[in-house]
There are 2 protein chains.
Amino acid sequence: MFSFKRQGTFGDRDTSVANRTFHDKYVVHYDFSDTDDETAKEEFQTLISDLEEAGLQTEVRAGEDHSLLVFVRVPTELLNDEMHRSRVKDWLWGITSEHPQVGKRNQRDALQNTFEAEGVLSTYHLVNWQKEQGGAAITPGLGKWQNVKSIFPIHNGPANKELLKHLSQKMFLTKEDFDRIRDLFGAKVAFYFAYMQTYLLFLTFPAITGIFAWAFLPKYSLVYAIITLLGCTVFLEYWKIQQDDLSIRWNVRGVGSLKQNRPTYHYEKVVVDSAGRKKHLYPRWKSIVRQMAQIPFFILAVLVLGLTITAVYAMEILLSEAYQGPYQSYLEYVPTLVLAACLPYTRSFLEDFATSLANFENHRTQDYYEMSVTQKTFVLSFIVQYFPILLTAFVYVPLGGSLVPWMQTHLPTHLAEKLNTEPFEEDSNRLRNEVIALTVTGQVSDMFEEMVMPYLMHKLRGWYHQYKFWNSSHGAFQALAPDDPAEEAFLQSVRQQASLEPYNVQDDISEMVIQFGYLALFSPVWPLVSVGFFINNLIELRSDFLKICLEHQRPHPIRMDGIGPWINSLDALTWMGSICTAAIVHMFGAQGKEGTSMLERWGGVSWWSLPITIFISEHTFLLLRWAVRAVLQKVGSEQIRRERNERYAVRKRHLDNLETESKKRDALDVGLMERRKSVRMADPDLFWTKQAGEGISDVVGVKLIEALGRSRNGGLPTPTKQD
Amino acid sequence: MFSFKRQGTFGDRDTSVANRTFHDKYVVHYDFSDTDDETAKEEFQTLISDLEEAGLQTEVRAGEDHSLLVFVRVPTELLNDEMHRSRVKDWLWGITSEHPQVGKRNQRDALQNTFEAEGVLSTYHLVNWQKEQGGAAITPGLGKWQNVKSIFPIHNGPANKELLKHLSQKMFLTKEDFDRIRDLFGAKVAFYFAYMQTYLLFLTFPAITGIFAWAFLPKYSLVYAIITLLGCTVFLEYWKIQQDDLSIRWNVRGVGSLKQNRPTYHYEKVVVDSAGRKKHLYPRWKSIVRQMAQIPFFILAVLVLGLTITAVYAMEILLSEAYQGPYQSYLEYVPTLVLAACLPYTRSFLEDFATSLANFENHRTQDYYEMSVTQKTFVLSFIVQYFPILLTAFVYVPLGGSLVPWMQTHLPTHLAEKLNTEPFEEDSNRLRNEVIALTVTGQVSDMFEEMVMPYLMHKLRGWYHQYKFWNSSHGAFQALAPDDPAEEAFLQSVRQQASLEPYNVQDDISEMVIQFGYLALFSPVWPLVSVGFFINNLIELRSDFLKICLEHQRPHPIRMDGIGPWINSLDALTWMGSICTAAIVHMFGAQGKEGTSMLERWGGVSWWSLPITIFISEHTFLLLRWAVRAVLQKVGSEQIRRERNERYAVRKRHLDNLETESKKRDALDVGLMERRKSVRMADPDLFWTKQAGEGISDVVGVKLIEALGRSRNGGLPTPTKQD
């Protein structure tokens, strides 16, 4: 791996300064380059007074260009109070079952048992939350804080470095490693790494079977497809259990419900519920109706992206396989260039649309809003990534033979003249090549973008910032109010962090989900694809960590109880996989002999039986999934069992006290039996008075048996022992 | 409704005896007709001493024939202790969140707040549970208690009567009514009635749309099929919420986990878990493997029942529609008679097999065992009920034209001679007639069996028992130890109850599930079917209650948190419905014009598009179901919300105390700010000492803005107010 010895971000330079701390410096980046100085002064004064009103301590330093860095620290007592209040709230809302400690000393002791992210999160809340909740209400880019560019905690360089070193030395990460990530970046980021790890572990399975399938099984193997889908299902169900496990381990289960409202959340009325909580309500049916707007959006997205891709696709085929005119070798690349030019615009337009749609949906919390946005962009990625392959598999290969001539006849004559008039012959390997191209080259370029580029960019940016700082207007400023030499290196690092983008974990999860989709949807096309994924992810797991440290502002350690609705996307992809792989195997697998002409081959596909194959495959998958779920639910979550046992144990102790008490009471009641008898004799229900007293009903019963026995033998006494 | 004025079971005769109580008399029915008197005496003595050891009071009376009725009562203190222990256990296991009262007086007060079934259940536990659990270990028909025919609580006649009267006066039952059923017969039975009521309410919807469909829509209407399936889905999801709601209302949520082991449960080791609970473990993988044995069983059942039904079906068609020989009008009924003779044997053989399979599966609790048995018998009913219709719809009607002639050519010549040689013509109304026959006549005969018969049987049995008692060997015995005249009527009623079967709620649920299946699978065949179901269930809801009172021993008020795995059966039936109705509509609906010959019609069915129709229908259904679930989950359970609010409120009070405390503390710390400042000045991190003190960073920041602003303007002071 890389060496970070001289990376300022990792804080090495700062070790010269004794007691340099990281977790207590929170930055508000105020940029007044778009405002006149007077407004800036006023705003800044409000900023400082708002922060101080919330009980926060501030230090100001110059930022880059026309910006200021306000360092915020929470006094220990306030931080303790805030963390304690948060724990109490968790307990109130039933996120944790552990009763928080009460009383000053206990409280302080309990807070010894904390981790960095908890403190950073509380700081974030104190800066960001509304004033009613005790915060300073600094909402970057919103309302009166348009000029606050960002608020962020600073990276803990040494801790980052140590953890990265630790992670890069291990092949597979354990729960303790995720704990460490959680301690540094919070549960939300840690869940991503936990997911990555579980996924990586699962990938060993299709990778190994993939090598076998590639070496020994026929192309487009049904067996391999089924095994892979089964693997996907087991993985997903296992991950769900893992997720529950971790969310209990980190005390974040169900944490979504107690989150604060988004500042832009629009509510229609405020009610106080039966528990005395003030709730800002927006009618449920309205938000359901608003979410319906997604449906036309998705239809629009499919149409726009689908048509763009199809058009380019058709052009490419005509040019590369039928066109025989001049410049063929150059023209072949035109469609790709057209796509490269069109697609980003279209996509970014649709993404903007998706964002405004998510805003319109009026989600209560930032979490829900974020999920809504990323789910929408995921659908866009889905179309862009998988649509070309689906076109190849289900249109080009089976129907190309009739479609290409059709297209030729419908082209303007002067174009059609230049086309090949020989019967069109499909490229039998096009499907495989496309999958390889889209996955392997995609992964390699991603890796380049995420590994090599960051390193280079980081270096370059470092130089640039240094250059800019010394040679810009700041030169003059530095002369006026120079940095303290002891702080110089530190401030430079913070200035650089201020210029970075915030980290959005959803983008990274989205990438992994798309990858999973390739596996679920197209695994039989080229079984080695999973080997590539495995190697890629083995590196990505670390490089993503590195990326967070170098490329992004330190993420706010937001709490989440899992990877959210991605689970549903993964489930849906596996389900679609059972349909898609069945269709591919049916169409490509049946006559998959090399050497025979494609036309001959396609003549042999029985189209009528395709829906039946799909029906069988899908329902086999659903049955298997049901069985896997049943079994894994029986196995269940270790952590959940432990939690139940703990709760039982606590309550049991209580019961034991109770029983001791009850025994004491019994000891006092030696005369109980006697009293009972006399009580029974006086029973108002005469029925119970007949055989009161121990052993009486016994005697009566025996007499009755004798009497009845006698009647059985015709009134004579039973001839005991004689028969 | 019937008048019960003179029904002994309802206890009217006993009102002459003051203070006659019902809920405190639990009966152990000991039958020694298969044993010699000496063994009987010994066994009986053990029985009584076991009961007395467990602290129970006993009274013995003569039963019918050679049997004894042991009446058991739990002394008030023991009952209180037992009920309290049970509540504590509920709390320990997390079934209820309400802390049970501690201390003798509180305890007694809390137990005032009880209902009859709770006491009856505790009595049952004290009689039935193993000795380690504090019971008398009386397990009828098992181990040494082979001669204990049954143990049962006696019916509370007046309460039964009052509740029945109340129920029969209301059109739709409310939660309070279910509460009353629960108070009398326990949660398990009450859940059945709650399900019935919800289902009945839902049935109004397909009944109304059914009448419309019948009057205005074409036969085999796709629209009606879709609407009905959507209705089924909404109903199911709504019921799931209702079920959760009621289980919280009745404090039984998750109660399955704390149930005692079955006496025949076979375990491999005993472990003490981390909470100190002794657990009898049977390896999980073994029980999974054992449950796998169901798969061959179901295959066997499908084969055996399927072949029987198909054979009879073929015979019937040949005889009724092709056969032209002598006695045609009589021979036509032969197949039905054959089926009536064969099917019960085959089915009862398979049911016995299912029971032994369920035993083999080694379920830990009686609940699981019962569910396993009923699930298996449900599959058998499923085949017997739906298979003939499926045969008609998917084999007879579309393929009859070619199958019947084929059968004719393969019959022995002397038989074939007598067959009609004209081209076979299918009976176009057979499908509808069959659905009508199987549903309507089925419902009517069920109603007869459950309503009229019980009444007659009850009367007859009453006379018979009276006759038998006075004219049998008991005559002699009565002379020897006659019934107390004050108890005579009461004892007679109990003797009669002892001769009844125990009630199994699963059978009744199974009937309702089968009915639901008709609706989900075949609704478009005859839309009026749901009207019939509605009327039937309106009556059945009350007649089932009557049946429990008259036809069965009082059920043990077992606790359950819903209708268990039937939910899955219902879900599966709806799913299958989306496939089955699509196929029916596709095949019968497309060319459904009256008058055209069936042969012409069937020539027009496009077989190749059938799987596509099914695919579309099924996935539309799945999408709709997903949407319905999403919406209903958003709406959520009222009770769950209330429970959460309550928990919040309790915990909130605690928080408030905490806050008051913390405010007091703050008041003491007036000099906090001062101290903070001085603390900050002494901070070891020099960074934070620069601008310590309020307002300082403010001033510094303004200076910085001025400096930077100056630098923006090329080193000149900002021309304030001038631009």
**Asked** Just for region B:647-671: of the residues that are at pLDDT 65 or above and within 7 Å of another protein chain (Cβ to nearest Cβ), which one is farthest from the chain's Cα centre (by Cα)?
**Response** B:LEU658
**Asked** Out of all the residues in region A:36-54, which are crowded, with 18+ Cβ neighbours inside 10 Å, farther than 13 Å from B:ASP698 by Cβ and either within 33 Å of the chain's Cα centre (by Cα) or more than 9 Å from chain B (Cβ to nearest Cβ) (or both)?
**Response** A:ALA54
**Asked** Which ones in region A:504-539 are buried (at least 22 other Cβ atoms within 10 Å of the Cβ) and not in a helix (DSSP H, G or I)?
**Response** A:TRP526, A:PRO527
**Fill in**
Contact list, first residue from region B:72-96 and under 20 Å from B:ARG249 (Cα atoms), second anywhere and among the polar types (S, T, N, Q) and assigned to a helix (DSSP H, G or I), beta-carbon distance below 6 Å, six or more apart or interchain, is B:MET83/B:SER122; B:HIS84/B:GLN107
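For region B:620-629, which residues satisfy the criterion of being within 10 Å of another protein chain (Cβ to nearest Cβ) and surrounded by 14 or more Cβ atoms within 10 Å (Cβ to Cβ)?
Filtering region B:620-629 for residues within 10 Å of another protein chain (Cβ to nearest Cβ) gives B:622, B:626-627.
Correct list: B:LEU622, B:ALA627.
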**Item:** Filter result (of a type in the set (Gly, Ala, Ser) and more than 10 Å from chain B (Cβ to nearest Cβ)) within region A:76-100
**Value:** A:SER86
**Asked** Right, B:ILE226: of a type in the set (Val, Ile, Thr) and at pLDDT below 90 or not?
**Response** yes
**Prompt:** Of the residues A:ARG85, A:ARG182, which is modelled with pLDDT under 85, closer than 18 Å to A:ARG559 by Cα and surrounded by 18 or more Cβ atoms within 10 Å (Cβ to Cβ)?
**Reply:** A:ARG85
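So which residues in region A:263-282 are in contact (Cβ under 8 Å) with a residue 12 or more places away in the chain and either assigned to a loop (DSSP other than H, G, I, E, B) or surrounded by 13 or more Cβ atoms within 10 Å (Cβ to Cβ) (or both), if there are any at all?
Of the residues in region A:263-282, the ones in contact (Cβ under 8 Å) with a residue 12 or more places away in the chain are A:263-269, A:280-282.
Scanning region A:263-282 gives A:PRO263, A:THR264, A:TYR265, A:HIS266, A:TYR267, A:GLU268, A:HIS280, A:TYR282.
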**Asked** When region A:221-239 is examined, which residues are found to be over 15 Å from A:VAL525 (Cβ atoms) and hydroxyl-bearing (Ser, Thr, Tyr)?
**Response** A:THR233, A:TYR238
**Prompt:** Does region B:102-117 contain at least one residue that is basic (Lys, Arg), over 30 Å from the mean Cα position of the chain (by Cα), in a helix (DSSP H, G or I) and within 10 Å of chain A (Cβ to nearest Cβ)?
**Reply:** yes
**Complete:** Given (1) away from chain B (no Cβ under 14 Å); (2) part of a helix (DSSP H, G or I), A:HIS556 misses just (2)
**Request:** Could you list, in sequence order, all residues of region B:294-326 that are at pLDDT below 75 and farther than 24 Å from B:SER402 by Cβ?
**Result:** B:PRO326
**Asked** Here is a list of conditions, (1) closer than 27 Å to B:SER523 by Cβ; (2) at pLDDT 85 or above; (3) of a type in the set (Gly, Ala, Ser), and B:ALA358 meets all of them except one; can you say which number that is?
**Response** (1)
**Message:** Which count do you get for residues in region A:413-448 that are modelled with pLDDT of 70 or more and surrounded by fewer than 16 Cβ atoms within 10 Å (Cβ to Cβ)?
**Reply:** 8
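The values are calculated or read from the model by the stated rules, or taken from the named source; none is laboratory data. Small disclaimer: the values here were computed from a predicted structure and weren't measured. No Cβ is skipped: glycine too gets one built from the backbone with ideal geometry, and neighbour counts run over all protein chains shown.
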